[in-house]
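Worksheet: the structure to be examined is printed underneath.
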Amino acid sequence: MLHAPEIDASAPLIDPFGRHVSYLRVSVTDRCDFRCVYCMAENMTFLPKRDLLTLEELDRLCSAFVEKGVRKLRITGGEPLVRKNILWLFRALSRHLERGTLDELTLTTNGSQLVRYAGELKACGVERINVSIDTLRPDRFKAITRWGELQPVLDGLEAAEKAGLKIKINAVALKDFNEDEIEELIRFAHGRGADLTLIETMPMGDIDGDRTDQYLPLSVVRARLMDRFTLEDIPYRTGGPARYVEVKETGGRLGFITPMTHNFCESCNRVRLTCTGTLYMCLGQDDAADLRAPLRASTDDILLADAIERAIARKPKGHDFIIDRRRQKPSIGRHMSVTGG
Ligand code: SAM
Ligand code: SF4
């Protein structure tokens with residue numbers, strides 16, 4: 001039996017290391033219309049649909065975090081735009097933007113559904129989105145995503161630009177796959193006024209392959225780029241782990257997310273919620289808190305607020321990802337699509 005504790009539902013979330021948790025990322029589905037080689041195995045077993053929180057429950061959970069001082073919500077997945085009726089959630093959450101209790105409602109997407117949704121997302125108060133594109137070559141795109149096509153994604157980018165959404169392109173740097181294309185990706189992104197962020201592969205979940213074959217340290221990429229471009233460190237931050245440079249030749253921003261070569265945990269301000277209501281306090285650790293039981297135990301949010309506070313009190317100092325040939329298992333058993341990248 002769950003007892004209603006004495007709790008201030010609007011007290012801010014401060015973790016044991018004094019970090020203010022102001023950013024929630026929500027994976028609204030573990031399903032996806034692509035099967036990127038670094039993210040999933042080709043034959044993934046997904047959660048039964050009945051295990052998913054409803055969109056109304058996701059709204060209630062996100063709103064409880066907003067009540068506790070979360071200022072930024074990112075909707076992710078899996079592919080968030082393949083979840084049925086997902087625009088309902090964006091519309092519901094946009095009330096917090098209107099009230100001024102939320103600074104940003106945003107999304108990370110593979111872009112495959114943007115032609116259909118870009119305009120409506122903008123109408124829900126979404127201003128900026130992250131679109132993942134690892135290559136600009138159709139054959140490689142197919143090889144990396146297994147099931148994806150490049151053209152609909154490029155059309156989606158165009159639709160997003162037309163709708164007035166600001167775009168950041170994310171690309172995972174992969175050894176022997178797209179390492180010869182980084183310059184092209186920079187010119188492509190910067191040529192359309194978008195930032196580009198490069199990401200190191202993280203050892204999360206079993207894939208049909210060896211991650212040591214994919215891993216490309218961004219320190220190597222950066223050193224190579226310095227032969228071609230002038231990279232100037234800049235203090236620009238988006239509240240995330242990316243460290244940015246300005247590429248003098250293009251005038252655009254280039255970010256590096258380097259969980260493997262540099263630890264970015266000291267300034268971590270975020271937690272991650274899965275589509276079943278499990279809260280992960282760190283992307284790179286297994287400890288998690290169940291928020292579904294307190295959510296469903298009562299219609300007010302007192303138990304939920306208490307469960308959230310107790311979870312934040314367990315937020316660990318940081319992760320310890322390792323990619324190592326001798327260690328055959330991934331550091332973290334769950335896939336990135338469970339907690340959302
Ligand atoms: N489907 C959407 C997309 O691809 O943008 C959102 C979810 S996806 C899990 C979010 C981000 O995580 C993507 O940019 C993807 O490239 C990245 N990602 C997935 N698996 C990863 C891994 N093992 N290491 C590093 N990044 C990964
Ligand atoms: Fe799907 Fe995104 Fe994972 Fe690719 S990275 S398989 S698009 S969830």
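The values are calculated or read from the model by the stated rules, or taken from the named source; none is laboratory data. Being a predicted model, the structure only gives us computed values, none of them experimental. All Cβ positions, even for glycine, are placed from backbone atoms using ideal geometry, and neighbour counts span all protein chains on display. Note: areas computed on protein heavy atoms with side chains; ligands, DNA, RNA excluded. Shrake-Rupley method; radii C 1.70, N 1.55, O 1.52, S 1.80 Å.
Structure above, values below:
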quantity: Among the residues listed as 270, 222, the single one being over 20 Å from the mean Cα position of the chain (by Cα) and not aromatic (Phe, Trp, Tyr); calculated: 222
quantity: Matching residues in the stretch 220-253 - criterion: being under 24 Å from residue 270 (Cβ atoms) and loosely packed, with under 14 Cβ neighbours inside 10 Å; calculated: 233, 234, 235, 236, 237
quantity: Residue ID - surrounded by the most Cβ atoms within 10 Å (Cβ to Cβ), chosen from residues in the stretch 123-132 that are in contact with a helix residue (DSSP H, G or I) (Cβ under 8 Å, 6 or more places away or on another chain) and either farther than 22 Å from residue 186 by Cβ or without any contact (Cβ under 8 Å) to a residue 12 or more places away in the chain (or both); calculated: 126
quantity: Index of the failed condition, residue 165 passing every other in (1) at pLDDT below 95; (2) open to solvent by less than 30 Å² (accessible area, probe 1.4 Å); calculated: (1)
quantity: Residues located in the stretch 291-330, provided they are in contact with a strand residue (DSSP E or B) (Cβ under 6 Å, 6 or more places away or on another chain) and modelled with pLDDT of 95 or more; calculated: 291, 311
quantity: Search result, residues across the stretch 164-206 that are assigned to a loop (DSSP other than H, G, I, E, B) and of a type in the set (A, V, I, L, M, F, W, C); calculated: 165, 173, 177, 194, 202
quantity: Filter result (of a type outside the set (A, V, I, L, M, F, W, C), open to solvent by less than 30 Å² (accessible area, probe 1.4 Å) and under 14 Å from residue 76 (Cα atoms)) within the stretch 103-122; calculated: 106, 108, 109, 110, 111, 112
quantity: The listed residue being under 30 Å from residue 146 (Cβ atoms), open to solvent by 60 Å² or more (accessible area, probe 1.4 Å) and modelled with pLDDT under 95, out of 31, 50; calculated: 50
quantity: Residue, most open to solvent (accessible area, probe 1.4 Å), within the stretch 133-152, restricted to residues that are of a type outside the set (A, V, I, L, M) and touching a residue at least 60 places away in the same chain (Cβ under 8 Å); calculated: 147
quantity: Residue match in the stretch 179-188 (condition: modelled with pLDDT of 95 or more and within 12 Å of ligand 1 (Cβ to nearest atom)); calculated: no
quantity: Count of residues meeting criterion [in a loop (DSSP other than H, G, I, E, B) and surrounded by fewer than 19 Cβ atoms within 10 Å (Cβ to Cβ)] in the stretch 285-318; calculated: 11
quantity: Pairs, first within 20 Å of residue 153 (Cβ to Cβ) in the stretch 86-113, second basic (Lys, Arg) and surrounded by 22 or more Cβ atoms within 10 Å (Cβ to Cβ), C-beta under 7 Å, six or more apart; calculated: 106/74; 107/74; 108/74
quantity: Any chance residue 257 is of a type in the set (A, V, I, L, M), over 20 Å from residue 137 (Cβ atoms) and away from ligand 1 (no atom under 16 Å from the Cβ); calculated: no
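For (1) closer than 20 Å to residue 270 by Cα; (2) among the charged types (D, E, K, R), each residue gets a yes or a no:
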residue	(1), (2)
56	no, yes
65	yes, no
77	yes, no
87	no, no
97	yes, no
101	yes, no
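Let's see how each residue does on (1) at pLDDT below 95; (2) under 18 Å from the mean Cα position of the chain (by Cα); (3) within 15 Å of ligand 2 (Cβ to nearest atom); (4) of a type in the set (Ser, Thr, Tyr):
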residue: 97; (1), (2), (3), (4): no, no, no, no
residue: 103; (1), (2), (3), (4): no, yes, no, no
residue: 127; (1), (2), (3), (4): no, yes, no, no
residue: 140; (1), (2), (3), (4): no, no, yes, no
